[in-house]
Amino acid sequence: MHGSRRARWLATAVFLAVASAASGATAADVANGLQLSRQWCASCHLVEPSGVARDSAPSFASISNDPTTTPERLHAWLADPHPPMPGLDLAKQQEDDIIAYLKSLKTQ
């Protein structure tokens, strides 16, 4: 293979590998967000529309439809909650997944 053609081929292969790895590492998973929400949040919040509320904490549907709710605010809240919400010490990907689930509930 000619030197410049080989270099272009190699550069393209590296670019595709990096792009593929980056997109897979950051994609939020709504289904995993639901599972995490069931595990960590459902003891206080109404997580699913068909669920049962167990506390006075706001439902996930009301949180997702609040016009002041943004991904940045949700990340901040999950990273540094205020009582009575416990600190969950979630990984960023877990936060992304929960936020993706919340966004899936948005109707407004």
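The values are calculated or read from the model by the stated rules, or taken from the named source; none is laboratory data. Not measured: the values here are computed from a predicted model. Backbone-built Cβ (ideal geometry, glycine too); neighbour counts: all protein chains shown.
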Could you go through the stretch 20-34 and let me know if any residue there is assigned to a helix (DSSP H, G or I), touching an Asp or Glu at 6+ places or on another chain (Cβ under 8 Å) and modelled with pLDDT under 95. yes
From the list Ala53, Ala42, which one is of a type in the set (A, V, I, L, M), surrounded by 12 or more Cβ atoms within 10 Å (Cβ to Cβ) and modelled with pLDDT under 85? Ala53
Exactly one of (1) surrounded by 13 or more Cβ atoms within 10 Å (Cβ to Cβ); (2) in contact with a helix residue (DSSP H, G or I) (Cβ under 6 Å, 6 or more places away or on another chain); (3) of a type outside the set (D, E, K, R); (4) without any contact (Cβ under 8 Å) to a residue 60 or more places away in the chain is unmet by Ala100. Its number? (4)
Which residues, counting only those in the stretch 57-97, are of a type in the set (A, V, I, L, M, F, W, C), assigned to a loop (DSSP other than H, G, I, E, B) and free of Cβ contacts under 8 Å to residues at least 24 places away in the same chain? Ala91
